[in-house]
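What follows is a single structure, written as structure tokens, with notes after it.
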Amino acid sequence: MNFRALAARFALVAACILTTALPAQAAASKSRFWQCAVFAREVSSVKIHGNAWTWWEQAAGKYDRGNTPEAGSVMSFKKTARNPFGHVAMVSKVVSDREVLLTHANWSFAGGIERNVRAVDVSAAGDWSAVKVWFAPTGGLGTTVYPVNGFIYGGDTSEDDLPVQPSLELDLSDLVMETNVN
């Protein structure tokens, strides 16, 4: 076998490998399994690490916290038996004093992302200490009430040299479930 024939075969094998490997790699990146904390950190200006249930305490002294939702803030859910790691979700829009739209991950579907899903304050005092959140498998809010610590406001993160805008433009159209609540 001459050099040209060997080189042609090598090129053909390499091309076959690349055409099967690259689409698989692209598909793997699109089907990333998102944890709520990692996703919230990427889409908000709150740059806290660790399990969601630790975010509220970690935010003390670093970010403003409160019980009034604001677009861009992060809703911090308490740790419960049903939700042992807590949960964090970015507020996409404030609809009313008792309703917001959330953008979050790993809620209705393991590792999946949901944008603009409904969350309703069901606390007796109207202080956002208890909420119901839209759940895709039931197509509604359901009956589960989740306790909430409050909201973490992004504010100025210049001391950490972190961008106020999200650090990653997410293009996960295959995983995103859009819910329009009007």
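The values are calculated or read from the model by the stated rules, or taken from the named source; none is laboratory data. A quick note: this is a predicted structure, and the numbers were derived from the prediction, not measured. Positions of Cβ are backbone-derived with ideal geometry, glycine not excepted, and every protein chain shown enters the neighbour counts.
Look at Gly111 and say whether it is within 12 Å of the chain's Cα centre (by Cα), in the same structural domain as Val145 (by TED's automatic domain parsing) and not polar (S, T, N, Q). Yes; evaluated as a whole, the condition is true for this residue.
For residues that are in contact with a Lys or Arg (Cβ under 9 Å, 6 or more places away or on another chain) and in contact (Cβ under 8 Å) with a residue 24 or more places away in the chain, scanning just the stretch 88-100, find the one that is farthest from Phe151 (Cα to Cα). Among residues in the stretch 88-100 that are in contact with a Lys or Arg (Cβ under 9 Å, 6 or more places away or on another chain) and in contact (Cβ under 8 Å) with a residue 24 or more places away in the chain, the one farthest from Phe151 (Cα to Cα) is Val95. Return a yes/no flag: does the stretch 18-36 have any residue that is surrounded by 11 or more Cβ atoms within 10 Å (Cβ to Cβ), at pLDDT 95 or above, assigned to a helix (DSSP H, G or I) and of a type outside the set (Phe, Trp, Tyr). So far as the stretch 18-36 goes, yes, one or more of its residues are surrounded by 11 or more Cβ atoms within 10 Å (Cβ to Cβ), at pLDDT 95 or above, assigned to a helix (DSSP H, G or I) and of a type outside the set (Phe, Trp, Tyr).
Is it fair to say Glu70 is at pLDDT 95 or above, assigned by TED's automatic domain parsing to the domain that holds Val46 and surrounded by fewer than 17 Cβ atoms within 10 Å (Cβ to Cβ)? In short, yes.
Every residue, every condition in (1) in a loop (DSSP other than H, G, I, E, B); (2) under 17 Å from the mean Cα position of the chain (by Cα), yes or no:
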residue: Val117; (1), (2): no, yes
residue: Trp128; (1), (2): yes, no
residue: Val131; (1), (2): no, no
residue: Ile152; (1), (2): no, yes
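With respect to Ser92, determine if the residue is closer than 20 Å to Ser45 by Cα and touching a Leu at 6+ places or on another chain (Cβ under 8 Å). Yes; evaluated as a whole, the condition is true for this residue. Considering each residue of the stretch 94-115 in turn, at least one proves to be among the polar types (S, T, N, Q), surrounded by fewer than 18 Cβ atoms within 10 Å (Cβ to Cβ) and in a strand (DSSP E or B). Residues that are modelled with pLDDT under 95 and within 23 Å of Trp34 (Cβ to Cβ): does the stretch 148-159 have at least one? The answer is yes; a qualifying residue exists.
Just wondering, is there one or more residues in the stretch 79-96 that are touching an Asp or Glu at 6+ places or on another chain (Cβ under 7 Å) and not β-branched (Val, Ile, Thr)? Scanning the stretch 79-96, I find no residue that is touching an Asp or Glu at 6+ places or on another chain (Cβ under 7 Å) and not β-branched (Val, Ile, Thr), so the answer is no.
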